[in-house]
Structure formats: C-alpha cells, structure tokens
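Below: one structure, written as structure tokens.
Throughout, read-outs are computed from the coordinates displayed, never taken from laboratory work. These numbers come from a predicted model, not from an experiment. When we count neighbours, we look across all protein chains shown, and the Cβ atoms used for this are built from the backbone with ideal geometry, even at glycine.
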Amino acid sequence: MNRHPFPYQLYLVISEADCPGRDFLKVAEQAILGGVDIIQLREKNSSPDEFLQKARQLIAITEKHHIPLIINDNVEVATKVNAAGIHVGNTDASPVYLREQPLIHNKMIGYSIEYLSQLENDQTAASDYLGISPVFRTTTKSDTVTEWGLEGIVKIRQLTSKPLVAIGSVNLTNAKAIMDAGADCIAVVSAICGADDPQKAAYELKNEIVK
C-alpha cells in the first residue's frame, strides 16, 4: 500500500551541472511557475556538504511554492532539510531499509525499476512510486540496464497499480505518448534545464500531458 498520494504529472530532476551557465535555483523556480509539480535534487558529483547546501537553498524555493522536494539517494540530506521524500535505485539504499529508519520511514519513497522482476519484490512494495528508467536512452544517466520504450510502460502498467514516473529522453515530442502508454507522470532533465525559457518549456510540457 502506498503511504503517500501521488497527484503529480510533471517531475523535474535537477542538479547544478544540468544547468550550465545558469543559476539552477532560478531554473527550478521558473520551472515551478511553468507547471512543475515536484522536484528531485540529484547531485551525484557534489560533496556531502555541497549537496546539503544546495538542498537547503532549493527547499526554500519549493516550500514557498508548496512543491515537494525529493532528494536523490542521500538519507542524511533528506532528513536534515526535512525533504518530502527520497528516490533510490538498485545500487542505493533500499526502500525496505529506508522504511526502517526512524527519520525517513514516513517520507515519500521512489524506486527505479530496471527489470520486470523488481515489480514482485519487497522493495517495490515499500515504495510510493516507481521510476521507469529510462524510457529512452539518455546521456544524463548512463548506468541503466533496460531501455523500456513505450511497450515497456504498457507492460509495467499491466503488472502494477503503483504510480509510474517515466524518465529518459522525455520531451515535448513524446510526452503525450508516454502518458498514453500508462505513465502517471513524466520526469525531465534537459527538456527544462536545457531550454532557453525553462518556464515556457515546463508550461508546454504540462499542457501536453495534463489529464
């Protein structure tokens, strides 16, 4: 059973590195104004102190706009900033483990799916939503196993009632098809972070997928 409702449709995954030459905090706020419902801070290359500092800066913005902040695979940062949740993959802390931690057990937990067999394990059961990663190959995440494609989303949708967040080369040209295949939400990086106008990009994506 999911512990948290998941009414979100447009999910931004952001890091400072994803916004070269820009203030990533301004990009995040522009994206929220354009229609982003939820944001994940993914700082794979930052030191723990840098990650924490960025999370504190970003949560000030997300809280102002009443948008949940998800922290990628860092329990300490998630708890110190009181983030809404944490997202993990196969090589990260497991959802079952996170549910046992006093300071994180009641947070929203996302779990990335790379094999169909994961749908039957305890980690999926302990998660609130599933990241379908990647739908299509992407340069922002090179350590993935399965390229799901639209057919993969259809198959996963048949096998689980968990909310599905599709990520991986998602953009304006394929967003609607991804949602039509069974995703509940699309997650984007470069489609917003790399756009000339992040607010406009978010607005166009949201209007393409809104149900």
Treat each spin label as a single point 7 Å out from the Cα along the C-beta direction, and report the GLN101 to LYS176 distance in nm.
-> 4.1 nm
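Going by average Cβ neighbours within 10 Å, how do the peptides 48-57, 104-113 rank, with the highest at the top? Let's see the in-between values first.
Working: 48-57: 15.7, 104-113: 21.5.
Result, highest mean Cβ count within 10 Å first: 104-113, 48-57.
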For the peptides 32-41, 173-182, 85-94, 151-160, what is the packing order when you average, over each peptide's residues, the other Cβ atoms within 10 Å and list the highest mean first?
-> 32-41, 85-94, 173-182, 151-160
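What number of lysine-lysine pairs in the chain show an alpha-carbon separation below 13 angstrom, given a sequence spacing of 8 or more or placement on distinct chains?
Numbers: LYS26/LYS54; LYS44/LYS54; LYS44/LYS141; LYS54/LYS80; LYS80/LYS107; LYS176/LYS206; LYS176/LYS211.
Value for the chain: 7.
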Using a basic spin-label model with each label point 7 Å from the Cα along Cα→Cβ, how many nm lie between LEU116 and HIS65?
-> 3.8 nm
To the nearest 500 deg cm²/dmol, what mean residue ellipticity at 222 nm is calculated for the chain from DSSP H runs of n ≥ 4 alone, each contributing -39,500 (n - 2.57), summed and divided by the residues?
-> -10000 deg cm²/dmol
